[in-house]
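The values are calculated or read from the model by the stated rules, or taken from the named source; none is laboratory data. Because the structure is a prediction, the values reported are computed rather than measured. Positions of Cβ are generated from backbone atoms using ideal geometry, with glycine treated the same way; all protein chains shown enter the neighbour counts.
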Amino acid sequence: MGDIATLYRRWLGEVWQGDLDVLGELLAPGFVGHWPDREVRGLDETAEQIRQSFALFGDVRTAVDVGPVVDGDTVAARWTFTGAYRGGLPGATAAPGTTVSFSGMDIMRAEDGRFAEYWVVSDALGLMTRLGALPG
């Protein structure tokens, strides 16, 4: 499948641009994703988790700010996600169409040329504040 840095760039540059058809190429069948509020298993649950993000944001752009940094079978990077808020988040006062950005960090572990495990943390508090769902 190529080197792990290239695999990661595809994860951020293809999957997080909405191309969920490539998940089978990038993720191992037993993939486990550790989001701060839940754990997802397999391609279907992962695709649904990503679809939920796209339900809230359009015109998504992602950028790698630091990395990817590779150590053996593990890659880490800091990224920025920018998108146009579509509306629908309970309590949010931001108008649909409002452009917001937030940053986060990924750690991904590869096995046999595909990602087997994923950990992500992001500035959800800052995002919620910018959307008006929390006081600033």
**OP:** Could you list, in sequence order, all residues of region 50-61 that are surrounded by 15 or more Cβ atoms within 10 Å (Cβ to Cβ) and either in contact (Cβ under 8 Å) with a residue 60 or more places away in the chain or part of a helix (DSSP H, G or I) (or both)?
**Re:** Ile50, Phe54, Leu56
**OP:** May I ask you to verify whether Leu125 is under 18 Å from the mean Cα position of the chain (by Cα), at pLDDT below 95 and over 25 Å from Gly42 (Cα atoms)?
**Re:** yes
Original post:
Restricting to region 81-96, what's the tally of residues that are without any contact (Cβ under 8 Å) to a residue 24 or more places away in the chain and closer than 20 Å to Trp16 by Cβ?
Top reply: 1
Original post:
Among the residues of region 1-21, which ones are free of Cβ contacts under 8 Å to residues at least 24 places away in the same chain and under 24 Å from Ser101 (Cβ atoms)?
Top reply: Arg10, Glu14, Asp19
**OP:** Could you list, in sequence order, all residues of region 102-136 that are part of a loop (DSSP other than H, G, I, E, B) and crowded, with 17+ Cβ neighbours inside 10 Å?
**Re:** Leu131
Original post:
Scanning region 62-77 for residues that are loosely packed, with under 13 Cβ neighbours inside 10 Å and in contact (Cβ under 8 Å) with a residue 12 or more places away in the chain, which turns out farthest from Phe102 (Cα to Cα)?
Top reply: Val66
Subject >> Sole exception among (1) modelled with pLDDT of 95 or more; (2) among the β-branched types (Val, Ile, Thr); (3) closer than 17 Å to Arg10 by Cβ for Val60, by number >> reply: (1)
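Considering region 89-101 alone, what residues qualify as being under 19 Å from the mean Cα position of the chain (by Cα) and either assigned to a loop (DSSP other than H, G, I, E, B) or of a type outside the set (Ser, Thr, Tyr) (or both)?
First pass over region 89-101, keeping only residues under 19 Å from the mean Cα position of the chain (by Cα): 89, 99-101.
Leu89, Val100, listed by residue number.
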Original post:
Restricting to region 25-39, what's the tally of residues that are in a helix (DSSP H, G or I) and exposed (fewer than 12 other Cβ atoms within 10 Å of the Cβ)?
Top reply: 0
